[in-house]
Each structure stands twice: as structure tokens, then as C-alpha cells.
Amino acid sequence: MDPSPSHCRLAEIVQYTCSLERDKSTGKKQLLCTQLPRIFRLCPGKPAVELTRVANVNLVTGEVDVPETLPSQIKAKEWTSVIRYPTSDEE
């Protein structure tokens with residue numbers, strides 16, 4: 001039995017992507033990072049589903065609006081099935 005939407009909650013995480021850039025005026029390297037907010041629906045007994053692409057976020061209030069029916073291409077994955085690729089530091 002699927003949990004009703006009222007038993008689900010939204011969660012947000014903020015990830016960062018960073019790159020090392022050379023400052024044009026000084027020639028020194030700088031680390032530049034950009035925020036990547038991600039929104040998930042968490043329901044009891046179900047895998048988390050990322051809704052970032054379909055959620056509408058009001059940038060003034062921070063209110064998140066999620067469509068009642070989700071596109072069929074949105075699929076949940078168990079965390080154990082997520083593939084983690086090594087970074088250059090781990091190789």
C-alpha cells in the first residue's frame with residue numbers, strides 16, 4: 001500500500017560544485033563554488049524521490065510547490081543502488 005501524500009515530507013539539501021580558477025588580475029588560483037539546491041520527497045517505507053526538476057520554488061518566500069501528479073520519468077532508487085564513482089583524490 002502506497003503511503004498517502006500527507007504522510008510524505010519534502011526535504012532540501014544544498015550541495016556545492018567547485019572549480020579552481022585563476023584570477024585574471026593576480027594570477028593566483030581561487031576556489032569558486034556554486035550552490036546546487038536539491039529537493040526530495042520522503043515517504044515512509046519508500047525510497048527518496050528527487051523532485052528538483054519539477055518543483056517550483058518561490059525565490060522570495062522559499063515556498064516549494066510540487067505538482068500533484070509527477071511525470072512518469074521520475075523514478076525512485078534505493079540508496080544501495082546508487083553508483084558512486086571515485087574522485088581523482090580516491091584513485
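Values in this text are rule-based calculations from the coordinates and carry no lab data. Predicted model, so just to flag it, every value in this text is computed and none were measured. As a convention, Cβ positions derive from the backbone with ideal geometry for all residues, glycine included, and neighbour counts pool all protein chains shown.
The table below lists the values:
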{"item": "All positions within the stretch 26-62 that are assigned to a strand (DSSP E or B) and either in contact with a Pro (Cβ under 7 Å, 6 or more places away or on another chain) or not hydrophobic (A, V, I, L, M, F, W, C) (or both)", "result": "LYS29, GLN30, THR34, GLN35, PRO37, ARG38, ARG41, GLU50, ASN56"}
{"item": "Neighbours by Cβ (under 9 Å, 6+ apart or cross-chain): first from the stretch 7-18, free of Cβ contacts under 8 Å to residues at least 12 places away in the same chain and small (Gly, Ala, Ser); second loosely packed, with under 11 Cβ neighbours inside 10 Å and part of a strand (DSSP E or B)", "result": "none"}
{"item": "Residue in the stretch 13-33 that is of a type in the set (A, V, I, L, M, F, W, C) and in contact with a His (Cβ under 7 Å, 6 or more places away or on another chain) present", "result": "no"}
